[in-house]
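These notes are about the structure you will find just below.
The values are calculated or read from the model by the stated rules, or taken from the named source; none is laboratory data. Bear in mind that the values here come from a model prediction, so they are computed numbers and not experimental data. Don't worry about glycine lacking a Cβ; one is built from the backbone with ideal geometry, like all the others, and counts go over all protein chains shown.
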Amino acid sequence: MEIDVMNDATSDALSPERAEEVRGLLALAEDLADKELAPRADDFEERAEFPREVLRILGRAGILSLPYPVEYGGGGRGYEVYVRVLEILAKRWLCVAQSVNIHVLSCYGLAAYGSEEQRAQLLPEMLSGDLLGANCISEAEAGSDIAAISATATRDGDDYVVNGTKAWISHAGQANYYNLFCRTGGSGVRGLSLLLADADAPGLQVQRLERKMGVRSSPTAAVVLDGTRVSAERLIGRPGKGFLIATGLFDRGRLGIAACAVGLADAAFDYAVRYAKSRKQFGQPLTEFQGVSFMLADISTQISAARALVREAARVMDTGLGASVVTASAARAKLFATDTAMRVTTDAVQILGAYGYVQDHPVERWMREAKLLQIIEGTNQIQRLVIGRSL
């Protein structure tokens, strides 16, 4: 049975008490981001080290559980609040914001479709961040086309035996549990199911970490499932629910990535403005030159538009206007916000000139990171396809 894992954000907007709580939450996120994220970002990215302890700190602060029910240890917040928190985190360190998004998504299947017994047993530790999660959907030949998933799960007594290979798995090697989307029935979308496997499940093998262009502190690798045994009690929902769960994940994941893109773009914009004000050419700051000031004006406008689109999509998700409306809104937000982040970070490098191309300034890293956001959770070409089909 599915439960409503989203909360009505209108109460956050209209109730003075709730509004005060939200202001406090955002202030907490700002404080944590300034103290725990910003000082570590450059060093951890250079060493490609995953900030697991930072995730624990955010978990203890309640950041990893925001859009989930209070009765299971969640924050009981709407997505409109959640995306604002993600934006704050991403402005200081994209890897951490992305990890928060990944972990929050890893709780979705269980929270929305799990049994009461499963939720009571597993959700509290997941939402607290004591356990870190990962989603295993993509395969070499099945990215956004989840109907093409080929990994199989065959019932064997009290277990399922899973075989296949999952690709591009974030948190690989760091996660305590993996959501395995696999085929328990026939071909097509109706044969897909979701199993929740512990990281130490027999036959679950994490492969060599990918050497990525950006967001290097977030581990990504293939996961081989070689006769992996998962208890049948870890089947989430009934057999055949996997496609429906995955589409819900995509909607929420795309919205989360869009919020991260706004935060990343805002970081690059702020840095470019500070540099342009302090850098002098021909006896005056760069901001006095029309070519630079117009570029900054366009950046400011694009970020504001992206932020508005992301928050509109979050309100659509909170108010539950229907799956097709939610899907199209999330796709529009992801498309526009991540394209904006790519433009803004590229322009920030241009404004800094040669200084923007060296690692002494973070804008070159932000440009590399922005490219990833145009690809994950469905490329922006896929978003256009989703939007076009919704018209």
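Filtering region 96-125 to residues that are over 21 Å from T247 (Cα atoms) and buried (at least 24 other Cβ atoms within 10 Å of the Cβ) leaves V96, A97. Taken over region 332-388, residues that are without any contact (Cβ under 8 Å) to a residue 12 or more places away in the chain and under 18 Å from the mean Cα position of the chain (by Cα) amount to 1. Taken over region 359-388, the residue count meeting the criterion of being modelled with pLDDT under 95 and either farther than 22 Å from V310 by Cα or not assigned by TED's automatic domain parsing to the domain that holds A258 (or both) is 2. All conditions in (1) surrounded by 17 or more Cβ atoms within 10 Å (Cβ to Cβ); (2) in contact with a Phe, Trp or Tyr (Cβ under 7 Å, 6 or more places away or on another chain); (3) of a type outside the set (S, T, Y); (4) closer than 30 Å to P51 by Cα hold for L132, with the sole exception of (2).
D226 is checked against (1) closer than 30 Å to L192 by Cβ; (2) surrounded by 14 or more Cβ atoms within 10 Å (Cβ to Cβ) and fails just one. What number does that condition carry? Failed condition: (2).
Out of I236, I245, report the one residue that is touching a strand residue (DSSP E or B) at 6+ places or on another chain (Cβ under 7 Å), in contact (Cβ under 8 Å) with a residue 12 or more places away in the chain, among the β-branched types (V, I, T) and more than 19 Å from G143 (Cβ to Cβ).
Matching residue, one of I236, I245: I236.
Listed here are the helices (runs of 4 or more DSSP H) enclosed by region 1-110 that have at least 3 residues being over 15 Å from S128 (Cβ atoms) and either at pLDDT 95 or above or of a type in the set (D, E) (or both): 16-32, 41-47, 79-92. If you check S329 against the conditions, is it in a helix (DSSP H, G or I) and closer than 18 Å to I382 by Cβ? So S329 passes the test.
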